[in-house]
Amino acid sequence: MWPRPQCWSGMTFTRQLLIAGEDVPARSGRTTRDVAPYTGETYATVAAAGPEDVTLAVDAAQAAFEGWAAVTPSVRRAIFLKAADLLEERAEQAADLMAGEVGGTRPWAHFNVALAAGMLREAAAAVTAPRGDVLSAQEEGALGLAVREPVGVVAAFSPWNAPIILGVRAVAAALAAGNSVVLKPSEDAPLACGYFVADVLRDAGLPAGALNVVSNDPADAPAVADALIADPRVRAVNFTGSTNVGRIIGEKAARHLKPAVLELGGKNAIIVLDDADVDYAVDAAAFGVFMNAGQICMSGDRVLVHESLAEEFTAKFTAKAAGLPSGSPDDPATVIGPLISADAARRVAALVRDAVGKGARVLAGGGEPDGAVHPATVLTGVPKEADLYYAEAFGPVCVVESFATDDEAVALANDTDNGLTAGVITENATHGLKVARRIRTGIVHVNDQSVADEPQAPFGGFKASGYGRFGGRWGIEAFTNTRWVTVATQHAHYPF
């Protein structure tokens, strides 16, 4: 039973670690608070794992690996299909959970469920898809094969901001490939991006130990991550989160010679070309900037508008931003819900203050947050020396600037260390594609904004936005090892 929003006050809900299919307390007996961002109250308590619990979880994953890898593809596929159905059946539970734990609005929660269910079905399809190649062998009478096999135990780290989507993404491809997984969910959403997802898979028939979940207190995060990545039985790492933490995870994995898939932050541009439909561009950009209060790695931090449309676009976009309802995630009318914490809202407000102090103008919003709720904010004229120019806002804030030529738009879009996604809004697909091909990102959408995801598509970034790809066969490839196998159909002749 998952807690409902009306139970936030006085909540006594407690969740233990999931190890070898059992709910067990941390060896130390410690727990940690899971805080509801809108109320600031304790939403639940979860077990606080230490390195010794990580070792037990890896023990369980290692013990389960060979058995799970040997499960027939049809049976494994059926588990993922059932999990997708169960997740959809529990959509209201997921919405309640996301509202309480991360302040997610109900439309955002239902989008999480729909996309995550699609990911599970894509994982099911990948189980029975052809995997590997027949090679042209050089030796007469020999057969050469390139065979993809699971690597073993995978360490997975899931973030809080799209918890159902990214909790599923953290584990689905690795499990579909036949690996076992130890999942460390975000300290800000251990239920939604960890235990809820694991329960769905467990109830769908995933064998005990194939997926283990270890939550932790924030103070213990470095030690828990170290123990997980350093364990010699862990053979690959899957991390989604901020660029700063991703650098640390990537360095730790490299130190132990373990491959990592890193999906990190973005500084994404939405480009409105001179042949765009302005009203459509306004609606698209507002969605791309303000969905989930801007707390999406694909959120549009910068809206670049051709100078011929800039005045009209800016007036309409600013008015739309100013009218977006904010407040409780439980209110169906809310568009801008709380950020993950009051500290996060204060960080966003500080970025805005710094930009204004260095010459930027506020066109909408601004000011101080109300607890964890920061108003939808639009700025212009942000100089390069302002922190916001290069920093990922990760809140309901964007910068609108104009450009005169395609070359200028591309230069502005590429003026960042990140390279995750972009949108190019135009009514001329040829023009849009020409511009899109010049933007240095892992993803780009023509005549759409920057926030889009499909479970079968290659999802991932470039430059400081990480490396590796999720989705379809790319996800399977990330968590398998390619082996060269030969079969000689006749005896070879040796020189001695």
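Among residues of segment 324-347 being among the aliphatic types (A, V, I, L, M) and buried (at least 23 other Cβ atoms within 10 Å of the Cβ), the one that is nearest to Val378 (Cα to Cα) is Ile336. For Glu477, the conditions (1) within 26 Å of the chain's Cα centre (by Cα); (2) assigned by TED's automatic domain parsing to the domain that holds Met291; (3) acidic (Asp, Glu) are fulfilled apart from (2). Looking at segment 381-442, the helices (runs of 4 or more DSSP H) lying wholly inside it that each contain 3 or more residues that are closer than 30 Å to Arg346 by Cβ and either touching a residue at least 12 places away in the same chain (Cβ under 8 Å) or of a type in the set (Val, Ile, Thr) (or both) sit at 387-390. Could you grab the pairs with beta carbons closer than 7 Å, sequence gap of 6+ or different chains, first residue in segment 268-283 and farther than 19 Å from Val335 by Cβ, second one outside any helix (DSSP H, G or I) and of a type in the set (D, E, K, R)? Taking only residues 6 or more apart or on different chains, the pairs are Asn268/Asp301; Ala269/Arg302; Asp275/Glu427; Ala276/Glu427; Asp277/Glu427.
Here Ile249 fulfils each of the conditions (1) in a helix (DSSP H, G or I); (2) touching a residue at least 12 places away in the same chain (Cβ under 8 Å); (3) over 30 Å from Pro150 (Cα atoms) apart from (3). Remark: Val352 falls outside the filter, which requires a residue to be crowded, with 17+ Cβ neighbours inside 10 Å, in a strand (DSSP E or B) and not assigned by TED's automatic domain parsing to the domain that holds Val102. Here is a check on your reading of the model: is Glu454 outside any loop (DSSP other than H, G, I, E, B) and acidic (Asp, Glu)? Considered against the rule, which asks whether it is outside any loop (DSSP other than H, G, I, E, B) and acidic (Asp, Glu), Glu454 comes out as no.
All conditions but one from (1) farther than 16 Å from Thr482 by Cα; (2) surrounded by 24 or more Cβ atoms within 10 Å (Cβ to Cβ) apply to Gly178; the one that does not is (1). Within segment 21-71, the set of residues being assigned to a loop (DSSP other than H, G, I, E, B), farther than 30 Å from Val151 by Cβ and aliphatic (A, V, I, L, M) comprises just one member, Ala36. In the set (1) over 22 Å from Phe459 (Cα atoms); (2) part of a strand (DSSP E or B), Gln138 fails one condition alone, (2).
In segment 8-20 there is at least one residue that is surrounded by fewer than 16 Cβ atoms within 10 Å (Cβ to Cβ), over 21 Å from Ile229 (Cβ atoms), under 27 Å from the mean Cα position of the chain (by Cα) and at pLDDT below 95. Scan segment 147-174 for residues that are part of a helix (DSSP H, G or I) and surrounded by fewer than 24 Cβ atoms within 10 Å (Cβ to Cβ) and the total you get is 0.
Only one entry in Ala208, Ala227, Ala284, Ala253 is surrounded by 16 or more Cβ atoms within 10 Å (Cβ to Cβ), assigned by TED's automatic domain parsing to the domain that holds Ala404 and farther than 17 Å from Leu166 by Cα, namely Ala284. Out of all the residues in segment 277-288, is one or more farther than 27 Å from Pro375 by Cα and under 19 Å from the mean Cα position of the chain (by Cα)? No, because not a single residue in segment 277-288 is farther than 27 Å from Pro375 by Cα and under 19 Å from the mean Cα position of the chain (by Cα).
Quick check, is Leu201 among the aliphatic types (A, V, I, L, M) and closer than 18 Å to Phe479 by Cα? No; evaluated as a whole, the condition is false for this residue.
Taken residue by residue, segment 28-37 has at least one member that is more than 19 Å from the chain's Cα centre (by Cα), closer than 23 Å to Phe157 by Cβ and either assigned by TED's automatic domain parsing to the domain that holds Thr334 or basic (Lys, Arg) (or both).
The values are calculated or read from the model by the stated rules, or taken from the named source; none is laboratory data. Everything quoted here is computed from the prediction, not taken from an experiment. Cβ atoms come from the backbone with ideal geometry, glycine included; neighbour counts cover every protein chain shown.
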